[in-house]
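One structure below.
Readers should treat all values here as calculations from the given coordinates under stated rules, not as data from a laboratory. No experiment lies behind these values; they were computed from the predicted model shown. With ideal geometry, Cβ positions are generated from the backbone for all residues, glycine too; neighbour counts draw on all protein chains shown.
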Amino acid sequence: MSIYPAFITILLVLDPFGNIPLFMSTLERVAPARRRYVILREMLIALGILTVFLFFGRFILEGMQISEPALGIAGGVILFIIAMRMIFPEYIPLNSGRTEPGDAPLIVPLAVPFVAGPSSMTTVLLLASQNPGRKGLLFAALLSAWGVTAVVLLASALLTRILGNRVIKAVERLMGMILTTLAVQMLLSGITEYLRHLAPGRLLPAAG
């Protein structure tokens, strides 16, 4: 895998435009002067978590005795659900994670699960397991996707004023459509890999 498809996959899963309303809603009672600091801090925490999953995900899989086909199938299902949420947010609502007046959230819910959530953790785990000798390339892809996401979220207030909510929602749904195809491909690859590991006799019903 080259850096470009890995970058696109991670970026779609991080869903920067979809996180704009979530971040703005969560930070609406935080002083405007502190918002950028809080966003950058939470993004750095999320990057650290995803980096751990990228470099040590193999040990997590081995410890939990999870096979690569199982991870691929699970990753495809999770990404498909995330894509459906991006395309049809009115039918799959999320908790906005509002904070108390003047309270700045720490780790939850901005870093986890809005950025480093189950979908992004599963994605980096899957990419790392499928490309064990290309951790440096995958980290570059992760860092690039994280950088784009951080820039978008740091400029969330400005982007909302310039583009408006309708354009942001349209971009998110477009990203969801692309993510749907990636999710289906990941699911099919996981199923194909699983069938390949089965003994030929187990693919057919027993005679008699």
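Assorted remarks:
- Per-peptide average of other Cβ atoms within 10 Å, ordering 116-129, 163-176, 72-85, 40-53 highest first: 116-129, 72-85, 40-53, 163-176
- Per residue, the chain reaches -25500 deg cm²/dmol at 222 nm when only DSSP H runs of four or more residues are counted, each adding -39500 (n - 2.57).
- Positive-pole candidate from Leu143, Gly164, Ile45, dipole of the chain, charges at beta carbon: Gly164
- All other residues whose Cβ lies under 12 angstrom from that of Ser129 are scored, Lys and Arg at +1 and Asp and Glu at -1, for a net of 0.
- Sites Ala33 and Phe59, calculated FRET efficiency, Cβ-Cβ separation with R0 41 Å, nearest 0.05: 0.50
- Cα centroid of region 4-73 to Cα centroid of region 117-156, whole Å: 8
- Computed lengthening from Leu106 to Ala157, 0.36 nm per intervening residue step minus Cα-Cα distance: 16.3 nm
- In a fully extended conformation the segment linking Val148 and Ser25 would gain 42.2 nm over its present Cα-Cα distance, using 0.36 nm per residue.
- Share of pairwise Cα separations in the chain, more than 26 Å, in percent: 37
- Cα pair distances in region 7-69, grouped into 5 Å bins until the bin that holds the longest one, percent each: 3, 14, 16, 20, 16, 11, 9, 6, 3, 1
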